[in-house]
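Engineer: Quick one: the structure is below, questions incoming.
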Amino acid sequence: MVLDAVTRRQDALVAAVREGLLGPEAPVVALLDVQGIRETARQLHAAFAGPSPVLHTFAVKAGALVPVLELLAAEGVGCEVASAGELTLARAAGVPATRTVFDSPAKTVGELRDALESGVAVNADNPQELARLDALVAERAAAGRDPGAPVGLRINPQVGTGSIGAMSTATATSKFGVALRDKGVEQWVVDNALARPWLTRLHTHTGSQGVPLELMAESVRVVFELAERINREAGRTQIDTLDIGGGLPVNFAGDETEPSFDAYARLLRSTVPALFDGRYTLVTEFGRSLLAKQGFIAALVEYTKSAGGRRIAITHAGAHVATRTAFAPESWPLRVGAFDAQGVPKSAPEVVQDVAGPCCFAGDLMARERSLPALEPGDVVALWDTGAYYFSTPFQYNSLPRPAVHGFWRDSEGRIRFSLVRPAQQIEEILADSGAAQCGALTSGTAPAR
Ligand SMILES: *Cc1c(COP(=O)(O)O)cnc(C)c1O
């Protein structure tokens with residue numbers, strides 16, 4: 001399977017160069033493996049199959065591209081959204097409200113009203129948000145209407161931090177959810193759930209990359225026990241759905257998918273056996289693990305140089321498409337592939353070199369002191385495992401355009417075919433996004449009176 005994916009990716013790179021998707025007019029491009037995405041979604045379904053109904057959703061922030069959401073929806077995966085924008089994308093992809101979950105620590109009253117009105121499940125983050133929902137539910141009740149959508153409460157089980165602080169959401173002091181271990185909070189949750197028969201879900205998400213599986217499973221166990229307690233005290237199954245979040249880490253060091261959905265599901269089955277007994281509906285919200293290994297960035301090497309004994313290749317892939325790697329390189333290292341101008345792997349002897357991007361700041365590096373075949377102008381570099389949170393989340397630095405994204409697959413004759421997922425940003429769009437229509441806004445009529 002891995003071999004097949006690696007061959008497919010290599011063939012796609014050669015085809016992309018041959019067809020001009022990567023070249024002087026498009027010096028950086030992003031490619032997505034359609035078959036790889038389909039297979040990954042199927043692995044997810046298989047891992048969680050059992051008596052419990054499961055709604056798998058995709059965390060839209062990991063790959064905010066409507067055709068990707070459509071593809072995942074075709075594979076039975078809904079959407080987890082965290083803003084009005086992400087909800088709009090999910091709707092544009094045809095994902096039904098019943099397969100959409102709305103999380104965000106900063107939902108506005110308008111967003112909450114829209115979610116209830118349209119039947120999108122909401123996970124409340126905190127007591128103030130719950131109070132807003134009370135008012136909205138009362139408003140609807142006064143009009144003879146039910147709450148409109150399932151409502152959950154996000155729990156922070158405060159299980160601890162993973163290896164990347166910025167990605168850990170279940171720490172003692174996390175900004176997310178209700179801090180369950182704080183004094184009196186568990187009782188508050190139970191009392192407040194019992195007072196709201198329409199609160200039927202509990203939600204937890206322990207973090208995103210760098211969180212050990214055991215910690216994720218421990219969060220799920222804590223939330224499961226909490227649901228059991230609420231249901232016991234309610235004398236009925238009030239909490240009927242457990243949303244266990246996403247956060248399965250991705251192996252950026254090699255081609256193997258590790259850990260697998262299967263490994264995580266097995267750990268859950270042993271840590272919280274009753275989770276799968278069919279009494280609860282499960283919701284998952286995986287993002288990175290569904291897409292990271294299914295996409296990559298390819299870019300031309302524009303120049304190569306040396307400074308103070310340091311060898312540097314200046315490429316067209318930088319912070320605008322790989323923001324986290326540029327700003328937090330220790331946490332987000334990427335594997336780099338070196339290819340010639342035709343997209344064929346380079347066999348030149350390896351030398352230690354830096355792979356830099358086009359942005360005008362010194363930290364715009366994709367790799368430091370990396371051993372790679374000596375790169376030359378016109379060569380191609382690939383940044384592997386960038387299908388999630390990279391090119392789909394561009395950073396408009398230096399007015400660099402967002403690159404095109406193409407999906408690729410093999411046709412029945414074994415040829416690589418491409419389909420445009422997102423066009424490259426045009427210079428007219430950059431102008432419009434930069435206030436060009438407001439020319440004069442700061443110069444006409446704003447001079448101070450003398
Ligand atoms: C970001 C996020 C996810 C997805 O995390 P991944 O690490 O991409 O799987 C899921 N749920 C919530 C609430 C999130 O914020």
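Engineer: Can you find, within the range 101-127, the residue that is farthest from residue 201 (Cα to Cα) among those that are in a helix (DSSP H, G or I) and of a type outside the set (A, V, I, L, M, F, W, C)?
Structural biologist: To start, the set of residues in the range 101-127 that are in a helix (DSSP H, G or I) comprises 109-118, 127.
Still in the list and also of a type outside the set (A, V, I, L, M, F, W, C): 110-111, 113-114, 117-118, 127.
Numbers: 110: 22, 111: 19, 113: 18, 114: 19, 117: 18, 118: 18, 127: 15 Å.
Among them, the one singled out is 110.
Engineer: Please go through the range 249-265 and give me each residue that is within 16 Å of residue 282 (Cα to Cα) and either surrounded by 16 or more Cβ atoms within 10 Å (Cβ to Cβ) or free of Cβ contacts under 8 Å to residues at least 60 places away in the same chain (or both), ordered by number.
Structural biologist: Taking the range 249-265 first, the residues within 16 Å of residue 282 (Cα to Cα) are 261-262, 264-265.
Those that are within 16 Å of residue 282 (Cα to Cα) and either surrounded by 16 or more Cβ atoms within 10 Å (Cβ to Cβ) or free of Cβ contacts under 8 Å to residues at least 60 places away in the same chain (or both): 261, 264, 265.
Engineer: Still on this structure: If residue 255 satisfies all but one of (1) in a strand (DSSP E or B); (2) away from the ligand (no atom under 16 Å from the Cβ), what's the number of the condition it fails?
Structural biologist: Here residue 255 meets the rest and fails (1).
Listed here are the residues, each with its yes/no results for (1) within 13 Å of the ligand (Cβ to nearest atom); (2) among the aliphatic types (A, V, I, L, M); (3) out of contact with any Lys or Arg (no Cβ under 7 Å at 6 or more places or on another chain); (4) not in a loop (DSSP other than H, G, I, E, B).
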residue	(1), (2), (3), (4)
219	yes, no, yes, yes
225	no, no, yes, yes
233	no, no, yes, yes
238	no, no, yes, no
264	yes, no, yes, yes
268	no, yes, yes, yes
275	no, yes, yes, yes
282	no, yes, yes, yes
290	yes, yes, yes, yes
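Engineer: Which residues, counting only those in the range 52-72, are surrounded by fewer than 24 Cβ atoms within 10 Å (Cβ to Cβ) and polar (S, T, N, Q)? Working first, answer last.
Structural biologist: As a first pass, look at the range 52-72 and keep what is surrounded by fewer than 24 Cβ atoms within 10 Å (Cβ to Cβ): 52-55, 61, 64-67, 70-71.
Residue satisfying the conditions is 52 alone.
Engineer: Across the range 76-100, which residue is farthest from the ligand (Cβ to nearest atom) among those that are part of a helix (DSSP H, G or I), among the small types (Gly, Ala, Ser) and surrounded by 15 or more Cβ atoms within 10 Å (Cβ to Cβ)?
Structural biologist: If we filter the range 76-100 for residues that are part of a helix (DSSP H, G or I), which is where we start, we get 84-92, 97-99.
Narrowing the set further to residues that are among the small types (Gly, Ala, Ser) leaves 84-85, 90, 92, 97.
If we keep only those that are surrounded by 15 or more Cβ atoms within 10 Å (Cβ to Cβ) as well, we get 84, 90, 97.
Working: 84: 16, 90: 14, 97: 18 Å.
Checked the range 76-100; the qualifying residue farthest from the ligand (Cβ to nearest atom) is 97.
Engineer: Provide a single number: the residues in the range 165-186 that are surrounded by fewer than 18 Cβ atoms within 10 Å (Cβ to Cβ), of a type in the set (A, V, I, L, M, F, W, C) and within 16 Å of the ligand (Cβ to nearest atom).
Structural biologist: Number of matching residues: 1.
Engineer: Looking at (1) assigned to a helix (DSSP H, G or I); (2) under 23 Å from residue 57 (Cβ atoms), which is the one condition that is false for residue 190?
Structural biologist: It fails just one condition, (2).
Engineer: Give me a count of the residues in the range 1-34 that are within 19 Å of the chain's Cα centre (by Cα) and in a helix (DSSP H, G or I).
Structural biologist: Qualifying residue count for the region: 1.
Engineer: Now a separate question. Kindly indicate the residue of the range 335-379 that is aliphatic (A, V, I, L, M) and either in contact with a Cys (Cβ under 6 Å, 6 or more places away or on another chain) or part of a loop (DSSP other than H, G, I, E, B) (or both) and also nearest to residue 323 (Cα to Cα) among those meeting that condition. Explain how you work it out, then say what you get.
Structural biologist: Keep residues of the range 335-379 that are aliphatic (A, V, I, L, M), which gives 336, 338, 341, 344, 348, 351-352, 355-356, 362, 365-367, 372, 374-375.
Of the ones still in play, those that are also either in contact with a Cys (Cβ under 6 Å, 6 or more places away or on another chain) or part of a loop (DSSP other than H, G, I, E, B) (or both) are 341, 344, 348, 362, 374-375.
On the way: 341: 26, 344: 27, 348: 29, 362: 13, 374: 25, 375: 23 Å.
Checked the range 335-379; the qualifying residue nearest to residue 323 (Cα to Cα) is 362.
Engineer: Shifting gears a bit: Identify, from the list 117, 111, the residue that is farther than 22 Å from residue 420 by Cβ and in contact with a Ser or Thr (Cβ under 9 Å, 6 or more places away or on another chain). Lay out the reasoning, then the answer.
Structural biologist: Values: 117 fails: in contact with a Ser or Thr (Cβ under 9 Å, 6 or more places away or on another chain).
After ruling out the rest, the residue left standing is 111.
None of the figures in this text is laboratory data; all of them are computed from the coordinates on show. The model shown is predicted, which means the values in this text are computed figures rather than measured ones. Counting neighbours? That spans all protein chains shown, and the Cβs are built from the backbone with ideal geometry, glycine included.
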